[in-house]
Amino acid sequence: MATGTIQYKTEEEIDLMRAAGQLLARAHGEVAALVREGATTRQLDRRAEEFIRDHGATPSFKGLYGFPHSCCLSPNSVVVHGFATDEPLKSGDILTVDCGVFLNGYHADSAYTYPIGEVAPEVQKLLEETKASLYKGIEQAVAGNRVGDISYAIQNYVAPKGYGVVRELVGHGVGAKLHEKPEVPNYGKRGSGPLLQTGMTLAIEPMVTLGKKDVVQEKDGWTIRTRDNKPAAHFEHTVVVRKDKAEILTSFDYIEKALQ
């Protein structure tokens, strides 16, 4: 999906991406307020699109490569690219909401996995550890490191705990296009891959499974789920590589406030 060469952003471009990231964070907060037992993913998708368009932006995903929804809404064993449906969420489910915003010529991309009602302790732990692994990866997104340092940090955090790390789906550069170079796998070797330099903007997004790492694509050509049908979690931020510490351009603050 990622095409072309790595695009290094100016501070002016990063300002625009930061604005997109903050609008996306607010859109996620609007969705989070509706995530509960009995809600449908179609309702969540509709609210995200309304909020994004009401604020002068467009949903990055809608129509991209023919995708029909504004968010990827992926329950339980669906890793990514789940479709919005009218099936109510049930207590014990988990749901990943992956969404993007296109504002003033630039994209931001982020994802969050929610527990619905009371989930099994091992599933709650999967969510917590996957989220933690995201920040382990972000810690490595500094100038002078390599993409493989991000990848290794994620894998080295979750794999020893017995989780699967999905191979077929990766993070990516993001900017004027939603999917830019470089690809950012969630597994790999330290010191490998492209050199990280100031001004690179990346979507870092660990996708981690409670069972094995293998995935399958459903007949709709989009939905990707775990082969063993065990739950999967997915957390994502858009970040910019800096000299000493990556800057996160998106935020989970609005989500976490809505969940209080």
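The values are calculated or read from the model by the stated rules, or taken from the named source; none is laboratory data. Keep in mind that this is a model prediction, so the values were computed, not measured. Because the Cβ atoms are built from the backbone with ideal geometry, glycine has one as well, and the counts that use them run over all protein chains shown. We work out accessible area using only protein heavy atoms, side chains counted, and drop any ligands, DNA or RNA first. Shrake-Rupley method; radii C 1.70, N 1.55, O 1.52, S 1.80 Å.
Label the chain by shape, choosing from rounded, prolate and oblate, from the square roots a ≥ b ≥ c of the eigenvalues of the Cα gyration tensor; if a/c is under 1.5 it is rounded, and otherwise prolate applies when a/b is larger than b/c, oblate when it is not. It comes out oblate by the Cα gyration axes. Solvent-accessible area per residue in segment 1-157 equals 40 Å², computed with a 1.4 angstrom probe and all protein chains kept. Listed by chain and number, the lysines whose alpha-carbon sits under 22 Å from that of residue 9, ignoring those within fewer than 8 places in the same chain, are 177, 181, 243, 245. With contacts taken as Cα pairs under 8 Å and at least 6 residues apart, segment 32-118 reaches a relative contact order of 31 percent.
The peptide list 16-24, 174-182, put in order of mean Cβ contacts within 10 Å with the highest first, becomes 16-24, 174-182. The fraction of accessible area contributed by carbon and sulfur in the chain is 49 percent, rounded to a whole number (1.4 Å probe; ligands and nucleic acids excluded). For the peptides 52-65, 148-161, 97-110, the ranking by mean Cβ contacts within 10 Å, running from highest to lowest, is 97-110, 148-161, 52-65. Legend: helices of the chain (whole DSSP H runs) are marked when their alpha-carbon atoms reach 15 angstrom or more along the helix axis and their mean Kyte-Doolittle hydropathy is at least -0.5; marked are 11-32, 147-158.
The GluC sites (Glu not before Pro) of segment 78-141 that DSSP puts in a loop, and whose beta carbon has at most 16 other beta carbons within 10 Å, are 118.
The trypsin sites (Lys or Arg not before Pro) of segment 85-154 meeting both criteria, a DSSP state outside H, G, I, E and B (loop) and at most 16 other C-beta atoms within 10 angstrom of the site's C-beta, are 90. Straight-line cross-link reach from residue 213 at under 12 Å between alpha-carbon atoms covers these aspartates and glutamates, not counting any fewer than eight positions away in the same chain: 168, 228. Here is how the number arises for the chain: DSSP H runs of 4 or more residues each give -39500 (n - 2.57), the sum is divided by the residue count, and the result at 222 nm is -9500 deg cm²/dmol. Check the cysteines of the chain one by one and keep only those with no other cysteine Cβ under 4.7 Å from their own. Isolated Cys, the chain: 72.
Based on the reciprocal of the average 1/r between different C-alpha atoms, the Kirkwood radius for segment 54-122 equals 13.2 Å.
Among 40, 226, 250, the largest mean-square fluctuation in a Gaussian network model of the chain, built with springs joining Cα atoms closer than 10 Å, belongs to 40.
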